[in-house]
Structures are given as structure tokens and as C-alpha cells.
1. Amide H of Val138: which non-local residues (sequence gap of 5 or more, or other chain) have their own amide H closer than 5 Å, using H built in the peptide plane?
2. Could you give the dipole magnitude of the chain about its Cα centre, charging the beta-carbon of Lys and Arg +1 and that of Asp and Glu -1, in debye to the nearest 20?
3. At a temperature of 10 °C and a viscosity of 1.306 mPa s, determine how fast the range 137-207 diffuses translationally according to Stokes-Einstein, using the Kirkwood radius over alpha-carbon pairs as Rh; express D in µm²/s, rounded to the nearest whole number.
4. How far, in degrees from 0 to 90, does helix 47-58 lean away from the longest principal axis of the Cα atoms of the chain, to the nearest 10?
5. Working from Cα positions, state the angle (0 to 90°, nearest 10) between the long axis of helix 254-265 and the longest principal axis of the chain.
6. Only bridges with both residues in the range 160-276 count here: give the DSSP antiparallel percent, nearest 5.
7. Mean residue ellipticity at 222 nm from the helices of the chain, using -39,500 (n - 2.57) per DSSP H segment of n ≥ 4 over the full residue count, to the nearest 500 deg cm²/dmol?
8. Tilt of helix 375-390 relative to the longest C-alpha principal axis of the chain, in degrees (0 to 90, nearest 10)?
Amino acid sequence: MVAFSKRISMVKPSATLTINARASELKSQGVEVISLAVGQPDLPPPKSVLDGAREAIERVMTKYTPAAGLPEVLDAVCEYYNRFYDAGAKRENVIITNGGKQGLFNLMQILVDPGDEVLIPAPYWLSYPAMVILAGGVPKIVPTDPENNFMTSPSELEKHITEKTKILILNTPSNPTGCHYAQKQFDEICEFALKKGIFIISDEIYDQLIYPPAEPTSASKWFKKYPDKVAIVNGLAKSFAVPGWRIGYVISDSTVIKNLSKLQGQSTSNVCSIAQIAALKGLLGDLSFLEENRKKFLERRNYILKRINSIKGISCPEPMGAFYVFPKVDGLYTDEINNSTKLCEYLLDKAHVALVPGAAFGDDRCIRFSYAVDISVLERAMDQVEKALREL
Ligand code: GLU
């Protein structure tokens, strides 16, 4: 057999995608599995993005676009971000990527040299450490606690800083916890990191999925002040409900964007031109659906949180955004089922509910439920989970 690179053998497959595939496989075998595993909205996308895609097909937009994206799409991202966050972004500050995921991956590729350390507060989205490792870097995990709403702080980060620390990844509201930094708290962390000469990557993919009284938080003002020290990553997957269309973007200094563009030009080239026009129409279209979606997700969050917190041995901080809850379940562990992976396997077999073990996100005390499904599905899933847990 061919010898595979050391890099690829150092990372595991994505647990979210693997579990989702396993749930689909079981479904195809006739097992009625409810998947609360993957984080993708079930709500329909707004008409604007669908019209945009149709328009691109009608215009027979089949040619390559610039690797960074069509100029008018870059302008649309600027208009959208400047409107929400007064980011002061210009066309040269933006690149369109194959989902926020490629934006993050490519940032690691252009910023990280072997041995460079990247601070990642845990629980983290499971692909961050893998992306750092694939770039030859070292993920430095900063643990947090559910009692403290999984929040980190300058003093906690300080403990993990060395002379090799290069980047800090922030993600609010968070996947997998749904916990959210208010702008003031977030600013304190950014200010601290920037003073230490640490580059900030702010993953803002869930910024529009925020529940009152919480408000969206962004690194925009720091980008505006120090563009070459901050990169903002976002996309349409979650807020515009088009995860499969792979439309993400990065906002940063023009030098960062040029390097991202060089990498994209030598690897994947441009994001699908049809998806780009869909993004343009979405970003500049009617955004009233955002509020409607927030209301629906809030209702689901309230429902699942009530159900989860009523189970003995489980506790869960109140998530203020995204569509995840990340309860602490280690109070339920037995001699046999003594970690989050085994508990998720048990719940898949016994309750036919697919969930993601906290271990994949750097916290083996917890498991992740995605509530991006109809409330009737949540009700069924929670009934089945509760019953299975009683039989533990
Ligand atoms: N980010 C989503 C999740 O955590 C989508 C799947 C993935 O790319 O990880 O479920």
C-alpha cells in the first residue's frame, strides 16, 4: 500500500460528518433514526438566493470567475458586513471560499509554519485542531467550564501563551455550546490578544442566530483598526440555510486576501459561479427572514433546554445562539458507558437518536444536540432519549 503522508494520519475524520453519514446509512436500512447530529438548518432558504441561482443558470454562467470571487459578489459581502457591523471592508478585503470551512483551512495554510501554536478555547468546533495540524502547527487547547458558560478570559488565555503563539481562534456564538460572548467581553479578549501580538481569527458563522437579550458580536471594529491582525470568517450556510452550496467568505487585510487568493488559485480555484450569484442576491436581498428564523430557533431552544434540564444527572447552560445545546452528561456515566462516545453509541442503538460526543469537541463530559429540526421531531427524539437514559 502507498505510504500516506504523516499529516493526514495525524487527524481523525470529522465526527459531525461521520455520524451524519452513519445515521443516513441506518435510515436507508429502514431503521428510523432521528439525527440531531449535524448542524444544518432545516428551514428553507430565502427566495432571493434561489432566484440568484436560477438567474446564474439562465445567464449560462459557466465560466471561471476570479479565484477570489466575482467583484460584484465581493462588493455585496462588503455592503452586508459594513451595514451590520460598520466593518469598513472594501473589495480587496474579501475572498469567497468554499464554505467558511475552506476559509479557515486556508487561513491556517497561509499563516502557520511548523511549530507555530494556535490557541483554541475548548469546547471548539472539531475541525479547528485538525486544520492547525494539517498546516504543521500545534493546537493549544484552552479548557473552559460549563459552570462558567464555557467562557474563556484573558487570564485563562495568558496561561497558554508561549513565544510560539501566533493565532487565537474565537467563535461566538459557539459551535458546539451555543454560548455567546457579549461584545464587551469579546473586546476584552481581542484587545488582550492583539497587545500580545496574536493574530485573531473570528469565526462568525452563527452571528445572525442570536436570541434576545443577546446581540450579535463581531471582530469588525478590530479589523477596522488593525486589518492585518484580524480575519473574520463567515458564510451563508447557517443564516441563509444553504449549507450544501458552500458559500463562505473571509474579510481581512488585502495582503492576507492576496495570499488566500494565491492558495485558492493553485488549489480549488473559484467557488461555483452559480452559488456566488445566489450569495450576491441573498446578501443584498430582503433579510426579514432572519428574524423569523431566529424566532423559530428560539422556540426550539427553549423546548430542548427544558427537556434536557429536566433529566436527572444532566445540566446545561442556557445557549444564547446557534442551534446547539451541549449538556454536561458525565453524571450519567456508568462503569461500562463511561465516556461521551459510548453514551452517543448507546443512544444511537437504543434511542435511535444520533448525537455527537463531546470528546470530538474537546470536552468528554458533554454531548452535542443540534436542534435544527422541527419541534415535533425534537419532542420524539427527547422522549426516546429520556426513555433510553432511564434504562442505563
Ligand atoms: N459545522 C456543522 C456542524 O458542526 C456542519 C458539519 C461540519 O462541517 O462539521 O455540524
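1. Hits under the 5 Å cutoff: Gly115, Asp116, Glu117, Val118.
2. 560
3. The diffusion coefficient I find is 125 µm²/s.
4. 50
5. Tilt of helix 254-265: around 70 degrees.
6. Antiparallel bridges: around 30 percent, rounded to the nearest 5.
7. -13000 deg cm²/dmol
8. Tilt of helix 375-390: around 50 degrees.
Every number in this text was worked out from the coordinates using simple rules, so none of it is lab data. Bear in mind that the values here come from a model prediction, so they are computed numbers and not experimental data. Neighbour counts run over all protein chains shown; Cβ positions are idealised from the backbone, glycine included.
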